[in-house]
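Worksheet: the structure to be examined is printed underneath.
Each value in this text was obtained by applying a stated rule to the coordinates, not by laboratory testing. What you see is a predicted model; the values in this text were computed from it and never measured. Every residue, glycine among them, receives a Cβ derived from its backbone with ideal geometry; neighbour counts consider all protein chains shown.
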Amino acid sequence: MKFLVTGGSGFVGQHMINRVLQGGHEVVAMIRDFEKISSLIDILGEENIKKIKFVYGDLTNHNSIIEVFLKYKFDGVFHLAAMAHPPTAFNNPLLAYQINSVGTAIICDSILEHQPQCVLMQCSTPAVYGRCPIDKKLDETTPINPNIPYGTSKASADLYVIERALNKNLRCFLTRAFTHAGPGRPENFCISSDAAQISRILLGYQEPVIKIGNMESLRTIIDVRDVADAYYSLMIEYLKGVVPNCEVFHIAGNELKKMQYYLDIMLELFGLADKVKLEIEPKYYRKNDNSAQIPDDSKIRRLINWEPKIKIEKTLQDLVDYWLNKLQKREEL
């Protein structure tokens, strides 16, 4: 089978490509900047890069999207491309809407017009729920009530997908993965920021001071490779007729912990416990940040017998190792 991965050079996109190739399928990866391809080798590896067909596509350039669907025929689309950094979306709300909402609408319309048998996986986000209750779990029936531009733009995209499924028979399912981490996570996201700073301290590039945000927030962290596996498994089971059309699925880790817990693990793993100072950095506090997200992802676990496999210690070890490798390569250049 052949699958399109939008956002192919992104954090989840790279791991998604690896998972699809692992399943023995063809991958067309849609990216905006071909100069980034060489930098993807750390996650994709040399052999996998050779197997990928990279194509240009920009969610703000509608003709580029349509051309992809005219040129290639797909069994499914993993739609991961987005403006996914909430603070960036907060500063550029209109652009976030153009990319996340209108761009997704173009993907939907291109599928319906040119490849109606193709299956769309709409990558959504828990940000569509807005401020979360701290005394009960969120499940897929929780009403959407976004309170930041990123969440609003993604909620709008979700509603478009659902409407097209109801009225035009778009073949699709939606996923909402809760906080995920792992190799390749950009530094402007939580946990990866800590990992990058730990790496700089270990290499002697930074004083033993880590700038932190709100470490009291509660999150269930899942490895990005488990997230990619969940997306892949849902797609395959959909094509087998197991997953009903237009269903929403939560994907999450197993334990709810404070953000400080994950930093402490990394410090312990790399021998820095009690050797660094933590300092609050105001810019790391997000506007309208949710103090807790308590997910219920029993639906996917029950329907396709899926569950996370990678322990949090490995996730955090691999994330710091990723930054160590990346920073050392920069120094060599």
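Before moving on, here are some points about what is shown:
- Stokes-Einstein diffusion of the range 22-138 at 37 °C, 0.692 mPa s viscosity, Kirkwood radius from Cα pairs, rounded to a whole number: 203 µm²/s.
- For the chain, Kirkwood radius (reciprocal of mean inverse C-alpha pair distance, Å): 20.4 Å
- With the convex hull constructed from alpha-carbon coordinates only, the range 117-163 shows a mean projected area of 3.8 nm² over all directions.
- Lys/Arg +1, Asp/Glu -1 at C-beta; the chain dipole; positive extreme among GLY253, THR152, VAL12: THR152
- Along each principal axis, Cα extent of the range 17-75, largest first, Å: 31, 27, 14
- For the chain, the longest principal axis of the alpha carbon atoms and the long axis of helix 11-22 meet at an angle near 60°.
- If both residues of a DSSP beta bridge must be in the chain, then about 10% of such bridges are antiparallel.
- The C-alpha atoms of the chain define a longest principal axis, and helix 149-168 lies at about 20 degrees to it.
- The range 59-123 has equivalent-ellipsoid semi-axes of 24, 12, 8 Å, by the square roots of 5 times the alpha carbon gyration tensor eigenvalues, sorted largest first.
- Between helix 192-202 and the chain: long-axis angle, C-alpha atoms, 0 to 90°, nearest 10: 40 degrees
- Greater than 30 Å apart at Cα, pairs in LYS168/LYS309; LYS154/LYS257; LYS283/LYS309; LYS168/LYS240: LYS168/LYS309; LYS283/LYS309
- Over 30 Å (Cα to Cα) - which of LYS50/LYS299; LYS51/LYS329; LYS136/LYS326 fall in this group: LYS50/LYS299; LYS136/LYS326
- Annotation note: GluC sites (Glu not before Pro) in the range 207-309 located in DSSP loop regions with a Cβ neighbour count of at most 13 within 10 Å are GLU216, GLU255.
- Using only side-chain charges placed at the Cβ, +1 for Lys and Arg and -1 for Asp and Glu, the dipole size of the chain relative to its Cα centre rounds to 400 debye.
- Cross-link reach is defined here as a Cα-Cα straight distance under 15 Å, omitting same-chain residues fewer than 8 places apart; for LYS275 the aspartates and glutamates meeting it are ASP194, GLU207, ASP264.
- Each eigenvalue of the Cα gyration tensor of the range 169-235, multiplied by 5 and square-rooted, gives one semi-axis; in descending order these are 32, 13, 9 Å.
- Here's how it looks for GLY23: its modeled amide H is under 5 Å from none belonging to a residue 5 or more places away or on a different chain.
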